[in-house]
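A short reminder: the numbers here are calculations on the coordinates, not readings from a lab. Just so you know, these numbers come straight off a predicted model, no measurement behind them. Note that we place each Cβ from the backbone using ideal geometry, even for glycine, and neighbour counts take in every protein chain shown.
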Amino acid sequence: MSINTLSDGKYLKCFLLLCFFGIVAGCGKHKEKEETSPVRSVKLFTVGAEEDSVYHFYPATIRSGQRVKLAFQVPGQIVKFPVKSSEQVTKGDLLGELDSRDYENTLISATARYKESKTDFERYSKLVEKKAVSIALFEARRKAFEVAEAEMKIAKKALADTRLTAPFDGVIAATYVDNFQNVQAKQEILSLQGISDIELIINVPEKDVITIPGFIPLPKLTEMVKPVAIFPALKNLMFPLKIKEFETEADAATQTFRGVLIMPSPKEFSIMPGMTALVRVNNGRDMGGAGGYRIPVAAVAEDSQGINHVWLVDDRMIAHKHPVTVGTMSEDKIIVKDGLKAGDVIITSGVTFVAEGMKVKGLSRIGAREIRKTDGNHK
């Protein structure tokens, strides 16, 4: 082995060691740079605070669009009661039946009297034409025939009323009697609820009603306030509503105005009477627009392509650029019609100096984060 070979090996080892320490030093500097990245202090705003929302939210109670408590119109003993609670029925299905024997006998008797009085009336009609009987006798037979005819019709209806059938497609909500039980006329035996529509009942305070401009037809009011149903249990899914009723006289106890809104029953979910939801409507201050949220003007910036955006702050206090659709502006606030939901936290100061992924620290926060997170996901 030559001296030159040994020297070359020593130089190679030294070179490799220098490279290794250089890489380690570089990584250390990079890590130090990351750890010392500045955290920008900014002002924050929580979307959806009560005073800044273009929406009103009302708790709603759900009921069926069609509902009725059914009863027999005649008394008797139940001999057929084939339905149970939660059972779905079709219009015309038998819901219950009474023992009909007495009603059948009554109809037979009434029919016999009717036939007899009819024959008698027809005979006297011919005799009065021949002036063989007096007008008084003829009128007596005519009245007897009319009474017999009415009694027969009543007996027929009573017999028909021993059967109770479904007046529309629906679900048996509850039953109040048992089979073979004696019931009185008009005694409620079951509750039937329709399945095609559901109604949402809300109570609107005076301060909100007063923002609606005058008395207008309900279809027009629906178009103006754009009501939607929000179901928190369904991840805040929203369903469009129509206003069915709106009382113009306040409840004496609550001083609120009762509204009834309607929507088709969703087939993919079981929304049942008695459940609760939220109804969201435009609050009347932006009737010409499509709703949204009022936020500080300083929160909205425009990029080089002319697209408006805000900076959203996540739970780790990291900023993210998010496009929005803006509407009208008043004083220091602007309406964001699309792109934000209640509870979003946005930056309202120094937005031109914020970058994607930047760590921020809040100097102050306006609004309330817990305000109604019920507007669905970002679009």
Worksheet item: Of Lys80/Lys267; Lys69/Lys143; Lys242/Lys321; Lys220/Lys321; Lys244/Lys333; Lys80/Lys186, which ones are farther than 27 Å apart at the Cα?
Response: Lys80/Lys267; Lys69/Lys143; Lys242/Lys321; Lys220/Lys321; Lys244/Lys333
Worksheet item: For segment 306-365, what's the relative contact order in percent, using C-alpha pairs closer than 8 Å and at least 6 residues apart?
Response: 38 percent
Item to complete: Tabulate in residue order the Karplus-calculated ³J(HN,Hα) for segment 249-259, using 6.51 cos²θ - 1.76 cosθ + 1.60 with θ = phi - 60°, rounded to whole Hz; enter x for Gly and Pro.
Response: 10, 6, 5, 5, 7, 9, 6, 10, 10, 7, x
Worksheet item: Gap in Å between the Cα centre of segment 62-112 and the Cα centre of segment 289-365?
Response: 63 Å
Discussion item. I need the peptides 140-150, 173-183 ranked by packing, meaning the mean over residues of other C-beta atoms within 10 angstrom, with the highest value on top.
Written reply: 140-150, 173-183
Worksheet entry | Interchain or long-range residues, amide H under 5 Å from Met275's placed H | Ile62
Fill in: Relative contact order of segment 100-161, pairs being alpha-carbon contacts under 8 Å that are 6 or more residues apart, as %
51 percent
Worksheet item: What percent do you get for the relative contact order of segment 57-111 when only Cα pairs under 8 Å and 6+ apart count?
Response: 32 percent
Worksheet, complete the sentence: Taking Lys and Arg as +1 and Asp and Glu as -1, residues besides Thr352 with C-beta under 11 Å from its C-beta add up to -2
Practice prompt. Enumerate the amide H contacts of Gly362 below 5 Å, restricted to partners 5 or more residues apart or on another chain; note that Pro and chain-start residues carry no placed amide H.
Written response: Val42
Worksheet item: Based on the mean of other beta carbon atoms within 10 Å per residue, what is the order of 62-75, 189-202, most packed first?
Response: 189-202, 62-75
